[in-house]
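The values are calculated or read from the model by the stated rules, or taken from the named source; none is laboratory data. Just so it is clear, the model here is predicted, and its values are computed rather than measured. No Cβ is skipped: glycine too gets one built from the backbone with ideal geometry, and neighbour counts run over all protein chains shown. Only protein heavy atoms, including side chains, enter the accessible area calculation; ligands, DNA and RNA are left aside. Shrake-Rupley method; radii C 1.70, N 1.55, O 1.52, S 1.80 Å.
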Amino acid sequence: MTGTSDRPDGLAAADPDVAAADRSTGEAVADRGPRDRAPLRRCIVTRRSLPVGELVRFVLGPDGAVVPDIRQRLPGRGVWVTARRELVAEAVRKRMFGRAFRAEARAGEDLAELVGSQLRQSALGALGLERKAGRLALGFAEVDARLRRGSVALLLHASDAAADGVRKLDQAAHAGGKVPPVCRVFTSAELGLALGRANVVHAALDTGGASGAAIARCRRYETYMTGSTPDGRAHRPGFAGRTE
C-alpha cells in the first residue's frame with residue numbers, strides 16, 4: 001500500500017528515503033505513547049527533528065479534542081510541535097493535528113494560548129517551590145546582596161520593572177563577579193501571585209537544589225513566547241540574549 005498509510009505519522013513523505021529514515025531512527029511525527037523514549041521527535045509543522053525538550057507533545061482526548069501534554073506523561077499516541085506559540089497556532093490554523101493523528105481531531109483556536117498558560121504555570125510553580133525551600137530571594141535589597149556575593153543562578157526582573165532598578169542590579173551582578181542569566185518574561189503581578197508577595201519586581205534564584213529545573217522551565221516558557229532567531233535557533237532575550 002502507498003500514500004500516507006506507509007508513514008507512522010500519517011503524513012506523506014517527500015521520498016521513500018525519508019520514510020525509511022523515520023522508521024529506523026524513531027524520529028517520526030507520532031510516538032507510541034509516553035513510554036516511547038526516542039530522543040528526537042519530528043515537528044508536524046516545520047518537519048524538523050528536534051530533542052523532545054524543544055517540543056510540546058499533544059494527545060487526543062476521549063472526545064477527539066487535542067490536549068497539550070507538556071510533561072509528556074499522558075497516555076496514548078502523541079504528536080509534537082516545536083515549542084513556539086506561533087507554530088502551535090499554525091498547526092491549529094492549517095488543521096495539521098488531524099492529519100498527524102490520522103483521526104478526527106478538534107483543536108481549539110485558543111490552543112496556543114492554553115499551552116502558554118500551562119508552561120507559565122509550570123515555571124512559576126517551580127519558582128514557588130524554590131521560594132519555599134529558601135533558595136529564592138525577593139526584593140531589591142536582598143537580591144542586591146546575593147548578587148554581590150556571586151551566588152545567583154538566575155536573576156528575575158518583572159517585565160514591568162523600572163529601568164533604574166534593573167540597571168542597579170546589573171551593576172551589583174558585575175560587582176559580585178558573576179553575571180547570571182536574566183529572565184524578564186513574567187509580570188510583577190504573576191510573580192507576586194506565585195511567590196506569595198504582592199507585586200514582586202526583582203527576585204534571585206540561588207545555585208543548588210532544583211534551581212536547574214526551575215531555570216529550564218523559565219527558559220522553555222520564554223522561548224515559547226518570544227519565538228526564534230532567523231537561523232531557527234531558540235532566542236532568549238530575557239536570558240541575556242543567549243542562544244542554545
Worksheet item: So which of V79, V88 is closer than 25 Å to M225 by Cβ and part of a strand (DSSP E or B)?
Response: V79
Discussion item. Could you check segment 78-90 and list, in sequence order, the residues that are in contact with a helix residue (DSSP H, G or I) (Cβ under 7 Å, 6 or more places away or on another chain) and either modelled with pLDDT under 95 or farther than 17 Å from E222 by Cα (or both)?
Written reply: V79
Worksheet, complete the sentence: When (1) without any contact (Cβ under 8 Å) to a residue 40 or more places away in the chain; (2) surrounded by 21 or more Cβ atoms within 10 Å (Cβ to Cβ); (3) not in a helix (DSSP H, G or I) are applied to L205, the one that fails is (1)
Worksheet item: For G61, which of the numbered conditions (1) loosely packed, with under 15 Cβ neighbours inside 10 Å; (2) of a type outside the set (D, E); (3) touching a strand residue (DSSP E or B) at 6+ places or on another chain (Cβ under 8 Å); (4) within 21 Å of M225 (Cα to Cα) fails to hold?
Response: (4)
Fill in: Counted residues, segment 35-58 - those being outside any strand (DSSP E or B) and either among the β-branched types (V, I, T) or surrounded by 17 or more Cβ atoms within 10 Å (Cβ to Cβ) (or both)
5
Worksheet item: Condition test on D31, is it touching a Phe, Trp or Tyr at 6+ places or on another chain (Cβ under 9 Å), at pLDDT below 95 and either part of a loop (DSSP other than H, G, I, E, B) or open to solvent by 30 Å² or more (accessible area, probe 1.4 Å) (or both)?
Response: yes
Worksheet item: Of all residues in segment 201-216, which are at pLDDT 95 or above and in contact with a Ser or Thr (Cβ under 8 Å, 6 or more places away or on another chain)?
Response: V201, L205
Discussion item. I'd like the full set of residues that are farther than 21 Å from Y224 by Cβ and open to solvent by 80 Å² or more (accessible area, probe 1.4 Å), limited to segment 109-140.
Written reply: K132, F140
Worksheet item: So which residues in segment 180-202 are of a type in the set (A, V, I, L, M) and part of a helix (DSSP H, G or I)?
Response: A189, L191, L193, A194, L195
Item to complete: For residues that are of a type in the set (D, E, K, R), in contact (Cβ under 8 Å) with a residue 40 or more places away in the chain and under 15 Å from D206 (Cβ atoms), tally how many sit in segment 119-140.
Response: 3
Fill in: Only one of R85, R77 that is open to solvent by 40 Å² or more (accessible area, probe 1.4 Å) and under 14 Å from R41 (Cβ atoms)
R77
Worksheet, complete the sentence: Taking segment 91-108 and the residues there that are open to solvent by 40 Å² or more (accessible area, probe 1.4 Å) and in a helix (DSSP H, G or I), the one that is modelled with the highest pLDDT would be R93
